[in-house]
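Enquirer: Sharing a structure here in structure tokens format.
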Amino acid sequence: MLAISSFVFTFKCLLILFKDKEMPMIKYKKYIINIMDTQARFWHKLRSGKVECTACARKCKIPESGHGFCFVRKNIDGRLVLPAYGKINAMQIDPIEKKPFNHFMPGTYVLGIGTSSCNFGCMFCQNHNISKEHEISGVDVDPSHIVEIALENGVEGIAYTYNEPAIFIEYALDVAKIAHKKGLYNVFVTNGYLTSEVVGAMKGLIDAAVVDFKGNGAEKFANKYEMVASTEPIRQTLIELKKAGIHIEITDLIVPNVGDSLDECNKLTSWIHDNLGADTPVHFTQFHPDYKMLDYPITDYRTLLKHYEIARGNGLNYAYIGNIPNKYESTYCPECGKLVIGRENMHTTKWALNENNECKSCGAAIPITGSRPRRFRYEGIRALY
Ligand code: SF4
């Protein structure tokens, strides 16, 4: 009990220290923890004696004493167990716009949490210090303590982020259940490589999800730079999330030279329009060199702008450009073109909607979950474009 209290106290000190600044990811002192026997929820036994994990679309078939692609789900004595359950490796408070959500609870703050490892093998991962970990590490935090920390720090929701939440889905849902009871919302930041079973379990507990494509969702890019055979399960997940009533936004990381095809952008944005609707927010984000792709340049703003224009041309009403200060961080009314929500450096700065979330100039309804933020922040960073 004393040990748990001291961990929570350490988290609180770090959170207070970094609160309301442009915060680096909080990284805690790590240590190896003995395997716990928490049983997974998403799996079944195969006739061969292996177990099949159904937490993500890889559906790893795991032999006795083996682990799945993500390393953190293991077959022990014919059962799928979770040695990483509750072992938190990253925690930080951020504006919801940083996830990025522009149409869900604008101006609110979230407590973001993450564990170790991932189900993708992205060569450009910005969180590779935790996502590429193949050891079970982190600080044990009981689900109720996550909620306690969130409430004590005055945030409105919890984000399951930094590494893929599908691999710690059981823990995320346990936290989410308690969070809802305490009036907090829950959001996933996910690569979307989920299963129908997991989306079914998210229904009613996870309020919103931002699903990340990279390189326009092109199969070739996914094969070579993400170690993923097909992006089709991501599209399937998006359709299922929408059907489940979960608010969705989409990001597309535009990688210079290898993941910036305008043809692929055209295909992806047409697909989004036809399958998810014209009001689906899509964020084209700037690539920054990291991990094994350090020799690639950052994405030129003009390339991002071309993607933005293709999306708008394909009928998407809410396209954004992210990871770079620019005027397309903000929301414009698709009817009259007036700015309705201003954003700078991922913070809400202006609000020109009435109490029904309609454009103050022309009265068009703008699809926003939430209302006028209680707080605005101006960072003093000027838009570059
Ligand atoms: S969550 Fe991990 S073990 Fe399960 S299917 Fe995905 S990669 Fe495999």
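Only the coordinates and a few stated rules stand behind these numbers; no lab work does. Everything numeric in this text was worked out from a predicted model, so none of it was measured. Glycine gets a Cβ as well: all are built from the backbone with ideal geometry, and neighbour counts include every protein chain shown.
Enquirer: Mind pulling the angle between the C-alpha long axis of helix 169-181 and the longest principal axis of the chain? Nearest 10 degrees, somewhere in 0 to 90.
Expert: Taking the Cα atoms of the chain, the angle to 169-181 is about 60 degrees.
Enquirer: If you fit an axis through the alpha-carbon atoms of helix 2-18 and take the longest principal axis of the Cα set of the chain, what angle between them do you get, 0 to 90°, nearest 10?
Expert: 20
Enquirer: Sticking with this one: Which order do peptides 122-134, 41-53 fall in by mean Cβ count within 10 Å, highest first? Don't jump to the answer; show the numbers that get you there.
Expert: Values: 122-134: 18.5, 41-53: 15.6.
Ranked from most to least packed, the peptides come out as 122-134, 41-53.
Enquirer: Another question about this same structure. Given the Cα-Cα distance of SER48 and MET227 and 0.36 nm per residue of separation, how much length would full extension add, in nm?
Expert: Working: separation 179, 0.36 × 179 = 64.44 nm, distance 2.62 nm.
The SER48-MET227 span can extend by a further 61.8 nm.
Enquirer: Using only the Cα atoms, work out Rg/Rh for segment 154-280, with Rh taken as the Kirkwood radius, to two decimals.
Expert: On the way: Rg = 15.1 Å, Rh = 15.2 Å.
Radius of gyration over Kirkwood radius for segment 154-280 works out to 0.99.
Enquirer: For segment 75-213, give me the percentage of DSSP beta bridges that are antiparallel, rounded to the nearest 5 percent. Could the numbers behind the result be given before it?
Expert: On the way: 10 of 22 bridges.
So the antiparallel bridges in segment 75-213 amount to around 45 percent.
Enquirer: A follow-up question, please. For labels at ASN275 and LYS220 in the simple 7 Å Cα→Cβ model, what's the distance in nm?
Expert: 2.1
Enquirer: Relative to the longest principal axis of the chain, what angle (0 to 90°, nearest 10) does the C-alpha long axis of helix 301-313 take?
Expert: Computed tilt is about 80 degrees.
Enquirer: So, one more: So what's the back-of-envelope 222 nm ellipticity for the chain, counting only DSSP H runs of four-plus at -39500 (n - 2.57) apiece and dividing by all residues, rounded to 500? Mind dumping the intermediate values first?
Expert: Numbers: 8 runs with 91 residues, N = 385.
Taking each H run of at least 4 residues, the total per residue is -7000 deg cm²/dmol.
Enquirer: Within a Cβ distance under 12 Å of LEU253, other residues only, what is the Lys/Arg minus Asp/Glu net charge?
Expert: -4
Enquirer: Going down the list LYS59/LYS327; LYS181/LYS338; LYS98/LYS132; LYS98/LYS182; LYS45/LYS132; LYS87/LYS267, which pairs span over 32 Å between their C-alpha atoms?
Expert: Result: LYS59/LYS327; LYS181/LYS338; LYS87/LYS267 exceed 32 Å.
Enquirer: Cα centroid distance between segment 239-297 and segment 105-173, in Å?
Expert: Distance between centres, Cα-based: 22 Å.
Enquirer: Using Stokes-Einstein with the Kirkwood hydrodynamic radius over Cα pairs, what translational diffusion coefficient do you get for the chain at 37 °C and a viscosity of 0.692 mPa s, in µm²/s rounded to a whole number?
Expert: Numbers: Rh = 21.4 Å.
Approximately 154 µm²/s, per Stokes-Einstein.
Enquirer: Amide H of TYR320 versus every other amide H placed in the peptide plane: which residues, excluding those fewer than 5 positions away on the same chain, fall under 5 Å?
Expert: VAL282, HIS283, PHE284
Enquirer: For segment 267-380, what class follows from the C-alpha gyration tensor (a ≥ b ≥ c being the square roots of its eigenvalues): rounded when a/c is under 1.5, otherwise prolate if a/b is larger than b/c, else oblate? Working shown, then result.
Expert: Numbers: a/c = 2.37, a/b = 1.36, b/c = 1.74.
In terms of gyration-tensor shape, oblate.
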